[in-house]
Amino acid sequence: MIYKRTHMCGELRADNIGENVVLNGWIQKRRNLGGLIFCDVRDKTGISQVIFNDEIPQELFDRADTLRSEYVVGIKGKVVERESKNPDMATGDVEIIAEDLVIYSASDTPPIYIKDDDNVDDNLRLKYRYLDLRKKKMQDNLAFRAKLTTLARNYFAECGFTEVETPMLIKSTPEGARDYLVPSRVNQGHFYALPQSPQTFKQLLMVGGTDRYFQVVKCFRDEDLRADRQPEFTQIDLEMSFVEVDDVIEIQEGFLKRVMKEMKGIEIETPFPRMTWEEAMTRYGSDKPDTRFGFELQDISHLVKNCDFKVFTDAVAAGGSVRAICVDGAAQEYTRKKIDKLTEAVKSYGAKGMVWMKVAEDGVSSSVNKFFTPEQLGEIADYLGAKAGDLVLIISDKNKVVFDSLGFLRRHIAGEMGLLDDNRFNFLWVVDFPLFEYDEKEDRWSAMHHPFTSPKAEHAELLKTDPHSCLANAYDIVLNGVELGGGSIRIHDREMQEDMFKALNMEQDEIIEKFGFLVEAFKYGAPPHGGLAYGLDRLVMLLTGEKSIREVIAFPKNQNAQCMVSEAPGVVDTAQLDELGIALKEQITE
């Protein structure tokens, strides 16, 4: 028997007093006070208090006494005014006097508590995710995500976009992150790849005349994980024909303005500020700068290039730089022990060490006092605008190491000082990226975004003569130090696309092998086009104030790319491998 509910558990209010209702849900807790049994019944909307008293049949009272946490029940009863009101509950003005009860299923004692502040180990939460999802916070996050996705579909439909599904089984064209490969049974020895993005197919849709394409799409990257990354993630993906940068940006600002209004009740101003990549790196040490606080980078190379501290002079002589951040009022808070921890942390960004200075009323102390006179330290402090009580942190190395290290430090310290206000939303466009970047591990130049990004119009000729000086017709949307999405105006001219491939030192055979289908399509008339893709998981994470995208994904993977619920990835039997024509080099054991 199933009782057809009349209300959700979190919906009942004083206006419902006197009504006969039916609730379905889980028992949050049960308390037997002798002649009264109190039960909190929960569903995704909230909790209602139910009372079984001695006026009901004894059999029903006895059945209610068997209830335990997480039993699934249906309850019929009457809404009455609650004697001891609970202002902390949305339903705290009322309670239900039970008249009947059905137990749909019993529950063992759950391994985790079903409450938001349980502080349970993350791996345990992921293993029992179906229990974790019963928490109100998790249900609210999933509902928020669903609402935002619906908003996106409605907005882009209003703007003339057609929602099109692109293939999940595609050809592997490794460029950047590693592909997830899927073996073909029918074509043994051949493999599909799961898409890292729908990039080439959405460009083909533009060639096909779709004009404006949109999709909420799963993407896959076999890369190391962190708080805002998963091996499978979701994009809000789009592409537009006959557009320039401003056209794409205008549509996106309209979308984000609506998101903030309808999802957060916040009116944001458009257009958003724009900042060049070079300015972002030199001021913030990051191409996704957090502009909610200061601590901007400052170049002091000219002050120290001839000093007695060889670490500084060598860095400048080698073409690098010496840069610093000044942290207001942090000198006393950051002890030597805390500074040592920061020094260790920046080593993961390639820095060999870190110099610190503390400014006091009577002068400047530093970790390199013996290499500088008090006057020299004072000159550096004055140049940085440091005042008594401030902490100065200095990194010297090649520019990438300096930017990465100081970019990390400024945001990490701001977090420790409580300066990262989750209720402040600073949107920013970062533009004018380099078209290429040098990959030291691979010892080669690669496309900073992807090989289909066009150079800025004024740099089109440079693509032939000096490609590594080109700036890209690309744009990233950044919110509070997190890249929400990125896009570009694509190359639609066959000759320019060939120049791009040449600049990447791709031989003709490699071009045809990887991208021959796209090159072929461009022979038959490709419109000018551009687009963008948002990370849906990241967007929801930021808007809900969560620190990890795992909090806004129903069944995320752990830090080892494992699904703790289903225990994927798993071992397959020999018969399956034989059918695929696959032999393992080394037997995998559980």
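The values are calculated or read from the model by the stated rules, or taken from the named source; none is laboratory data. Small disclaimer: the values here were computed from a predicted structure and weren't measured. As a convention, Cβ positions derive from the backbone with ideal geometry for all residues, glycine included, and neighbour counts pool all protein chains shown. The accessibility values were calculated without ligands, DNA or RNA, using every heavy atom of the protein model including side chains. Shrake-Rupley method; radii C 1.70, N 1.55, O 1.52, S 1.80 Å.
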Protein chains only, probe 1.4 Å: how do Asp340, Asp65 rank by accessible area, largest first?
-> Asp340, Asp65
Using the C-alpha atoms of region 388-471, what convex hull volume per residue, in cubic angstrom, is computed?
-> 182
Cα pairs beyond 17 Å in region 525-590, in percent, come to 66
Apply the Karplus parameterisation 6.51 cos²θ - 1.76 cosθ + 1.60, with θ equal to phi minus 60°, to every residue of region 89-101 and state each ³J(HN,Hα) to the nearest whole Hz, in sequence, with x for glycine and proline.
-> 10, 4, 9, x, 8, 9, 8, 10, 8, 6, 10, 7, 8
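So which chymotrypsin sites (Phe, Trp or Tyr not before Pro) in region 201-266 are both in a DSSP loop and have at most 14 other Cβ atoms within 10 Å of their Cβ?
Qualifying residues, ordered by number: Phe242.
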Quick numbers on region 253-302, Rg and Dmax over C-alpha atoms in Å, give 14.9, 50
Would you mind checking which residues have amide H under 5 Å from Ile582's amide H? H placed 1.01 Å from N; only 5 or more apart, or other chain.
-> none
Cα Rg, Dmax (largest Cα-Cα span) when computed across region 208-359, Å | 21.9, 65
Hull surface over four for the Cα convex hull of region 206-294, reported in nm², is 8.7
Region 43-118 - percent relative contact order, Cα under 8 Å, separation 6 or more = 38
Tell me, in nm to one decimal, what length is gained between Arg336 and Tyr113 on full extension, where the rule is 0.36 nm per residue of separation less the Cα-Cα distance?
-> 76.3 nm
Coarse-grained scattering of region 94-159 at q = 0.17 Å⁻¹, given as base-10 log I(q)/I(0) from a Debye sum over alpha-carbon atoms = -0.82
Heads up, I need the accessible area for Arg5: 1.4 angstrom probe, whole protein in place, Å², nearest 10.
-> 120
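Roughly what percent of Cα-Cα pairs across region 469-537 reach past 17 Å? Walk me through the intermediate numbers first.
Values: 1303 of 2346 pairs.
So the pairs more than 17 Å apart make up 56 percent of the total in region 469-537.
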Once fully extended, how much extra length lies between Glu461 and Asp140, figured as 0.36 nm per residue of separation less the alpha-carbon to alpha-carbon distance?
-> 110.4 nm
For region 393-539, what is one quarter of the convex hull surface built on the Cα atoms, given in nm²?
-> 11.6
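So, counting K/R as plus one and D/E as minus one, what does the shell of residues with Cβ under 10 Å around Thr6 add up to?
Counting the neighbours of Thr6, the net charge comes to +1.
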Kirkwood Rh, Cα atoms: Rg over Rh of the chain = 1.04
Could you rank the peptides 156-163, 579-586, 472-479 by their average count of other C-beta atoms within 10 Å per residue, with the highest value first?
-> 472-479, 156-163, 579-586
Based on alpha-carbon positions alone, could you give the equivalent ellipsoid semi-axes of region 100-213 from the gyration tensor, as √(5λ), descending, whole Å?
-> 40, 24, 14
Correct semi-axes for region 179-231, from √(5λ) of the alpha-carbon gyration tensor and rounded to whole Å with the largest first, are 24, 20, 7
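How high is the relative contact order of the chain, given as a whole-number percent (alpha carbon pairs under 8 Å, six or more residues apart)?
Numbers: 1090 pairs, mean separation 76.6, N = 590.
Once normalised by length, the contact order is 13 percent.
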Per-residue ellipticity at 222 nm for the chain, helices alone: DSSP H runs ≥ 4 residues times -39500 (n - 2.57), over residue total, nearest 500 deg cm²/dmol?
-> -9000 deg cm²/dmol
Of the candidates Phe436, Leu133, Ala351, the farthest towards the positive dipole end of the chain (Lys/Arg Cβ +1, Asp/Glu Cβ -1, centred on the Cα centre) is Leu133
Region 150-195, Rg to Rh (Cα coordinates; Rh as Kirkwood inverse mean 1/r) = 1.22
Pairwise label distance in nanometres, Thr270 with Gln559, each label 7 Å out on the Cα-Cβ vector = 4.0
Considering the dipole of region 76-171 built from charges on the beta carbon (Lys and Arg +1, Asp and Glu -1) around the Cα centre, which of Ala106, Ala152, Val80 is farthest to its positive end?
-> Ala152
Pop a pseudo-label 7 angstrom from the Cα along the beta-carbon direction at both Lys441 and Asp362 and give the gap in nm to one decimal.
-> 5.0
Determine the shape class of region 334-393: with a ≥ b ≥ c the square roots of the Cα gyration tensor eigenvalues, call it rounded for a/c under 1.5, and otherwise prolate if a/b is greater than b/c, oblate otherwise.
-> prolate
Once you treat every alpha carbon in region 1-136 as an equal point and sum by Debye, what is log10 I(q)/I(0) at q = 0.20, 0.21, 0.22 Å⁻¹?
-> -1.20, -1.29, -1.38
Computed curve, region 452-496, Cα-only Debye sum without solvent term, log₁₀ I(q)/I(0) at 0.14, 0.15, 0.25 Å⁻¹, is -0.39, -0.44, -0.85
Starting from 0 in steps of 5 Å, tell me what percent of the Cα-Cα pairs of region 328-448 lands in each bin.
-> 2, 9, 16, 18, 18, 14, 10, 9, 4, 1, 0
In a shell of Cβ-Cβ distance under 13 Å around Thr270, excluding Thr270 itself, what net charge do Lys and Arg (+1) and Asp and Glu (-1) give?
-> -1
³J(HN,Hα), Karplus 6.51/-1.76/1.60, whole Hz, each residue of region 2-9, x for Gly, Pro = 10, 7, 7, 5, 9, 9, 7, 4
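I need the calculated FRET efficiency for the pair Glu296 and Met260, taking r as the beta carbon distance and R₀ as 25 Å, to the nearest 0.05.
The computed FRET efficiency comes out at 0.45.
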For region 49-65, take each phi angle, set θ = phi - 60°, evaluate the Karplus expression 6.51 cos²θ - 1.76 cosθ + 1.60, and give the result in whole Hz per residue in order, putting x for glycine and proline.
-> 8, 10, 10, 9, 10, 7, 8, 8, x, 4, 4, 5, 4, 5, 5, 5, 6
Cα-Cα separations in region 306-371 greater than 17 Å, expressed as whole percent | 50
Using a 1.4 angstrom probe on the protein heavy atoms only, line up Arg538, Arg31, Arg410 by accessible area, largest first.
-> Arg31, Arg538, Arg410
State to the nearest 20 debye the size of the charge dipole of the chain about its Cα centre, where the only charges are +1 on K and R beta carbons and -1 on D and E beta carbons.
-> 940
Express as a percent, rounded to the nearest 5, the fraction of DSSP beta bridges in the chain (both residues included) that run antiparallel.
-> 95
Classify region 426-484: rounded, prolate or oblate, from the alpha-carbon gyration tensor (a ≥ b ≥ c, eigenvalue square roots; a/c under 1.5 rounded; otherwise prolate if a/b is larger than b/c)?
-> oblate
